[in-house]
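What follows is a single structure, written as structure tokens, with notes after it.
The values are calculated or read from the model by the stated rules, or taken from the named source; none is laboratory data. Computed from a predicted structure; not experimentally measured. Please note: Cβ atoms are built from the backbone with ideal geometry, for glycine as well, and neighbour counts cover all protein chains shown. These area figures cover heavy atoms from the full protein model, side chains too; ligands, DNA and RNA do not enter into them. Shrake-Rupley method; radii C 1.70, N 1.55, O 1.52, S 1.80 Å.
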Amino acid sequence: MSDTGLTPAEAAAAAMQRSVFGDDAEPNTPAEPTKTVEPQREELSDFIEAAGLLEYDPAAISRIYAGAPQRLIRRLWQTLVPIGLYLFGVGFDWLTRRLKDPEYARARAKEAADLVASLGPAFIKAGQALSTRPDIIPPLLLEELAGLQDQLPGFDSGLAMACIEEDLGAPISAIYAELEREPISAASLGQVHRGVLLSGEKVAVKVQRPGLREQITLDLYIVRNIAAWLNTNIGLIRSDLVALIDELGKRVFEEMDYCNEATNAETFAELHAHNPRIAVPRIFRDATARRVLTMEWIDGVKLTNLEAVRELGIDPDDMVTVGVNCSLQQLLEHGFFHADPHPGNLLALADGRLAYLDFGMMSEVSRESRTGLIQAVVHLVNRNFGKLSNDFVSLGFLAEDVNLEPIVPAFEQVFGQALEMGVSRMDFKAVTDDLSGVMYRFPFRVPPYYALIIRSLVTLEGIALSVDPDFKILGAAYPYFARRLMEDPDPQLRNSLKEMLFDGDIFRWQRLDNLISSAASGSQLDLEGLLDQVLDFLFSPKAGLLRNQLVEAAVDQLDALGWQTAVRLSQRLPRALRPPGLRDRVAITASDVELLSLEPIQRLVAILNQLPGFDPQLLLKRVPRLLQETELRRMGTEMAKGLAERSMVRLVRDVLVSPA
């Protein structure tokens, strides 16, 4: 023990806090920069790191803080008291109508943002999430919270330089040709310095805040205990709140390991290498460690800075579309998604690309869950609420033994009215709010992965709303869902496509029209892949009913044309020489034949002609493949058989026998 009664780890943490924040300074207030790069090495560690905890382990965290209750009490005092005082003051201002004064209201909003910044990284992340929700947060507060994205105060530059040298194991001059001591931006977990490598590449060097692990861990410990108490004592809460906190804790600990972030960035870049509209900074592994990350410098502007985006000659709406499609691709195709796409992490580049930054908080979605989400959309669009309730079971929202009968009408009530407006005009927030009410009434539980998906989509929608107040994320997402249904060879999605197109045994051409039109309205349409999947579906076992309908329609058309020809030829013969059934027969008009035409096929061809980049040669190229299809030959045999049967009936009924 030291003379102050603290353990060595606690003394080191206290020394670090005095060095970084100053004896009387609030947390996150920048201290005077040091003149050297030699602060004491223990100032770079903290209480949790000194305990050897580098991965999220709730049991180990509980043991650590059980032996240091004073830290818990101090943190509760640091957070609850200032939050309570602020809320009391705002309540008083509301009662006295002082908030009606715009300048006073702005001052209060700035005070709220400063309070959030002072409470530490966990609160900052919550503020960042709220800063993307113009539909929830008042404009003045939204504007102030936006500063939490990348305008936070930094920490001591000397500590930053020492951290770089300690983690990389070499003097700064041996790694960088240039490195600015003062940070260009600071975020919740670290700050960024601009530099140049010895090889000449311009880089951004991210350095982690000293004491970060302790602040994050203590806040997680407090919130987890609150969640455990709520789960135990509040019967109305059925979701496993502790599991949600543990999932968040795991992700945050991964985010604090910059080596893990480097791997995430490289994986993300590899998955999206084919997309010319997405940019990912290159990682320099030789200059990266657990608390130091060196990446390619990228010049761009925040997506929410509309004027700056337009000055680049770029349409902000187009960039939002790129971001929405990329996010859907992450969630539903790759299953590896960016769980923190706030405005500070999305940049519009002069060449029209959208750059993703900060890959600390990533998450994964299993193949089964991705397929389940798409199937749920199909059942929602088809208003099949019974199957939709089963989807919630397979996705982990409902236990297998739950009675689904009362849930089906609840779904119909929530989604029925919204669907009347069409998928493209559905209000995502309104629907999710109504769905939350259903989840409250019935035994739903929220899987941990779903919380991160909603966080990602809600943040993305918030960014899009700041660009276009009328933005509807479901409308923007539906073309992607349609394209996946048309192009993905997954057997379960093939079955979902059949469900989408058939109403019982009846094929709904209008649904196919709508599906292809929606798929074509999305970006990154693989036209050849779409045509191949349409043909694959047409000749698959599940499309037998559709093939039969096509054969019957073709037989009807050819029979009608043959009968029209026979009647017209008979008109040229003397009446006495005409067969009995054709003597008084009136020739079929062109309009009558039109009613018998293959109108659905004509509509489908018309839709294909409207697809961007469609060329009839694309169909001609597939003729050799069509000729090899066994089912096509069978269809030809069925057509010949049908025409022969029709011909015999025509001969006996309409040619040889006089009409009554």
In sequence order, calculated HN-Hα J values of segment 65-76 (Karplus, 6.51, -1.76, 1.60; Hz; x Gly/Pro): 7, 5, x, 9, x, 4, 5, 5, 4, 4, 5, 4
Restricting to Cα pairs below 8 Å that are 6+ residues apart, what does the relative contact order work out to for segment 320-432? Please round to a whole percent. 18 percent
In sequence order, what are the phi-derived ³J(HN,Hα) couplings for segment 399-407 according to the Karplus relation 6.51 cos²θ - 1.76 cosθ + 1.60 with θ = phi - 60°, rounded to whole Hz, with x for glycine and proline? 6, 5, 8, 6, 6, 8, 4, x, 7
Compute the length gained on full extension between D317 and L95: take 0.36 nm times their separation in residues and subtract their Cα-Cα distance, giving the result in nm to one decimal. 75.9 nm
I'd like the accessible area for K110: 1.4 Å probe, protein heavy atoms, all chains in place, Å² to the nearest 10. 100 Å²
Taking R0 as 51 Å and r as the Cβ-Cβ distance between D286 and Y86, the FRET efficiency 1/(1 + (r/R0)^6), rounded to the nearest 0.05, comes to 0.65
Any idea how far apart E420 and N305 come out in nm if each label point goes 7 Å out from Cα toward Cβ? 4.5 nm
Tell me which residues come under 5 Å, amide H to amide H, from G335 once H is placed; ignore anything under 5 positions away on its chain. none
When only the heavy atoms of the protein chains count and the probe is 1.4 Å, how do T637, T321, T371 rank by accessible area, highest first? T637, T321, T371
Among V467, V623, what's the order by accessible area (1.4 angstrom probe), most exposed first? V623, V467
